[in-house]
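Working notes, beginning with the structure itself.
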Amino acid sequence: MGFFSAIGSAISSVGSFISSGIRSVASGIASAVTGAISTIGNLASKAISGFLGSIAGKAFGLLKGLSGIMTGPLGPILGPIIVDLLVKLVVKVISKIAEEAEVVEKNEKPEEIGYRLEEADKHEDWKKRDEFKSFKEYYAYLKEQIPAEEIDTLQLQKNIGMYSVLGMQAEVSALEEKFGLRIPKTTLIEIGRSAMEVKEVQAFIRAFDELGYKNLNISEYLKGTLPAGELERITAALLDSLKFYFPEKSEGDLLTRLNEMRRASSDDKVLVSVYKDDLQKEYGAEFQQARQNKELSEDTVKILDDAKVNDTPKVEATS
C-alpha cells in the first residue's frame, strides 16, 4: 500500500492485526516520511556533486513542506496517508510530463534515477552533470556506469519513496531547463493537493509561458494573493490553455475545476475528498474495520463522513 513504506501491506495481510491496521499503516508512513526527510537532508549537505546537492535540497524542502499535513487538522491517521498518496501522484505526473517533453527516455523509473544519482555521488572520478548538454545525456551515462543488473534492489525497495522524490526532482530540473520556467516546491505541492492530471499541469505551463512568466507559481494564483488584474490575466490565459487540452469541456466545467483547486489549496480537510477513491481502494477495509471497532477519533470519523469515504452506516466515534 504505502509509497514510502511497505508496512501497510504487511500488516493488512495478517488478519489478527487488522483491528489496529490503519493506525499502524499511518504510523509506518509517518516514520518513513520523517526518515526520508532526514536522509535527503543529509544528502543535500554532504553531496560532492553540486547537482545532487541542489536537487536533494529541493526534495528536502518539498517533503518538509508536506510534513505539516501530518501534524495538521487531518490528524495522525489521515495526515500521513494523504501525504503518501499525494507524493505518489506528484511523482507519477511529473515523470509523465518529463517523458512527453522528452527530457528523459520513455518508461524511466524515478526511483532508479534517484538511486543512480546517489550512487554516482560516491565516485569522484565519474563525469558530472555539468559536463553534459542535458540531463537526458547525463543519465544515459549513469545507466552505462550502473547497468540495471547492478542496482541493489533491496536498497532500492527499502528507500523507494526517498529515491522516487529525488528522481522526480531531477526530472523537474530537466523540465525547468527545457521550458525556461522555474518550478518551485509550492507548485509541486499544489499539483498534489488538487490531484492534477498531466494535461492540467501542461495547461498551466503553457499559460504561464505564453504570458512571459519565468516562475510557474501556481500557488500564488490559486491562493489569490496576486493583484486582481494579474489574476484575471492568468485566468483568461489558463482557460484558453485548458480548452486546448480539454476541448470536450465547457468553460463552466473548467471554472468549476479551478474553484475545486482553490479549495484544495487552502483547506487540508478537502484533501480527503480529493483522494477519496484512492483512500477507498487502498485502505477502505481498514477504515471500515476501525470504524466498527470505534478506534477512530470523532474528528476523523466526521472528515471521512463528509468526504463519503467508506460510505457505510455511521458508527459512534471515540471521544
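FYI, it's all coordinate maths here, none of it is from the lab. For clarity, every value in this text was computed on a predicted model and none was experimentally measured. Here the Cβ is made from the backbone with ideal geometry for all residues, glycine too, and neighbour counts use every protein chain on show.
Data table
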| read-out | value |
| --- | --- |
| Scan of segment 206-245 for residues that are assigned to a loop (DSSP other than H, G, I, E, B) and of a type in the set (A, V, I, L, M, F, W, C), ordered by number | Leu211, Leu216, Leu226 |
| Filter result for Leu142 (buried (at least 17 other Cβ atoms within 10 Å of the Cβ), under 27 Å from Gly65 (Cα atoms) and in contact (Cβ under 8 Å) with a residue 12 or more places away in the chain) | no |
| Any hit, segment 256-279, residues being more than 27 Å from Thr186 (Cβ to Cβ) and touching a residue at least 12 places away in the same chain (Cβ under 8 Å) | no |
| Matching residues, segment 147-188, being without any contact (Cβ under 8 Å) to a residue 24 or more places away in the chain and under 25 Å from Ile205 (Cα atoms) | Glu176 |
| Segment 145-156 - residue that is outside any helix (DSSP H, G or I) and not β-branched (Val, Ile, Thr) and, of those, surrounded by the most Cβ atoms within 10 Å (Cβ to Cβ) | Asp152 |
| Residue match in segment 51-62 (condition: buried (at least 23 other Cβ atoms within 10 Å of the Cβ), touching a Gly at 6+ places or on another chain (Cβ under 6 Å) and without any contact (Cβ under 8 Å) to a residue 24 or more places away in the chain) | yes |
| Scan of segment 277-307 for residues that are of a type in the set (Lys, Arg) and surrounded by 17 or more Cβ atoms within 10 Å (Cβ to Cβ), ordered by number | Arg291 |
| Ser45 being among the hydroxyl-bearing types (Ser, Thr, Tyr) and either touching a helix residue (DSSP H, G or I) at 6+ places or on another chain (Cβ under 7 Å) or crowded, with 18+ Cβ neighbours inside 10 Å (or both) | no |
| Residue match in segment 88-96 (condition: free of Cβ contacts under 8 Å to residues at least 60 places away in the same chain and within 30 Å of Val309 (Cα to Cα)) | yes |
